[in-house]
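Reading through the structure tokens given below for one structure.
Bear in mind that the values in this text are calculations on the coordinates, not laboratory data. Bear in mind that the values here come from a model prediction, so they are computed numbers and not experimental data. Using ideal geometry, Cβ is built from the backbone for each residue, glycine included, and neighbour counts are taken over all protein chains shown.
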Amino acid sequence: MLVATAAAATALAASPTATAAPQPIVGGTTTTTAAYPFVMQITDASGSQFCGGTLVAPRKVVTAAHCMVGETTSSVRVVGGRTNLNGTDGTVSKVGKIWVNPAYHDATDGDDVAVLTLATSMPYKPAPYVTPSQTGLYASGTTARILGWGTTSENGSSSNQLRTATVPIVSDSGCKSSYGSDFVQSDMVCAGYTSGGVDTCQGDSGGPLLIGGVLAGITSWGEGCAEAGYPGVYTRLTTFSDLVTAQVGS
Ligand code: 4AZ
């Protein structure tokens, strides 16, 4: 989660012999799973994190369908209560069932939601998630919180420690201007600054977008990361709330 390149470019232009310094995180900060106990790492069987997820019930985790492509119940694990990727703390659970939205084909077609049923309960407080009628949460300019262990710049390295940032919800018309027909209004919502600089990035997929502490989106896709004019795209969870509830109750 991410970076402003424009300021760095200006600094370099003013000082032509300077070499690029490591980019600072702009708008994002490190945080912990103690602060956000429902944020889960999704790892392979060796423990390498590749996506995020959100605990919505003791044995249910919401993530992105695109995170589950090619995965089986034996190829994935869910890790809760572990702030650092290199930690050994927290709780690791195997996965008993993977439900992928049957309509899912590709993130840019929408339907990017999956629910994992854990073999072991997580001893952490689940997050509430939106009801189908809470569409007003996505009003343009609303502050949303993003979380993850993803890369801290486009094509950069993952963050060892969980990070968070806030980004404003972008209007549907604004998102359509950025992404054209790839933006499926019924299934997606965009968030980010017009000037870029703060965003989710590779490895953050499947993780939460929270509005007022409620799970309202799932990190899904975008053109690069934190680029001006290209906000991050999130699954519009109100559309899939009933499907999630059916899985949570199953
Ligand atoms: C990814 O590859 C990814 N900037 C996640 C989020 C965004 C782009 C890519 C949005 O997981």
Hey, any hits in the stretch 233-241 for a residue that's under 26 Å from V79 (Cβ atoms), within 16 Å of the chain's Cα centre (by Cα) and of a type in the set (G, A, S)?
-> no
Within the stretch 51-68, residues being within 12 Å of the ligand (Cβ to nearest atom) and outside any strand (DSSP E or B) number 3
Looking at the stretch 143-152, which of the residues that are more than 14 Å from T29 (Cβ to Cβ) and assigned to a strand (DSSP E or B) is farthest from the ligand (Cβ to nearest atom)?
-> T143
State whether the residues of the stretch 218-233 include one that is surrounded by 21 or more Cβ atoms within 10 Å (Cβ to Cβ) and closer than 24 Å to K125 by Cβ.
-> yes
When N155 is evaluated against the numbered criteria (1) within 12 Å of the ligand (Cβ to nearest atom); (2) farther than 30 Å from T88 by Cα; (3) assigned to a loop (DSSP other than H, G, I, E, B), which criterion, by number, is the only one it fails?
-> (2)
Could you look through the stretch 84-125, keep only residues that are of a type in the set (A, V, I, L, M) and part of a loop (DSSP other than H, G, I, E, B), and pick out the one that is surrounded by the most Cβ atoms within 10 Å (Cβ to Cβ)?
-> V113
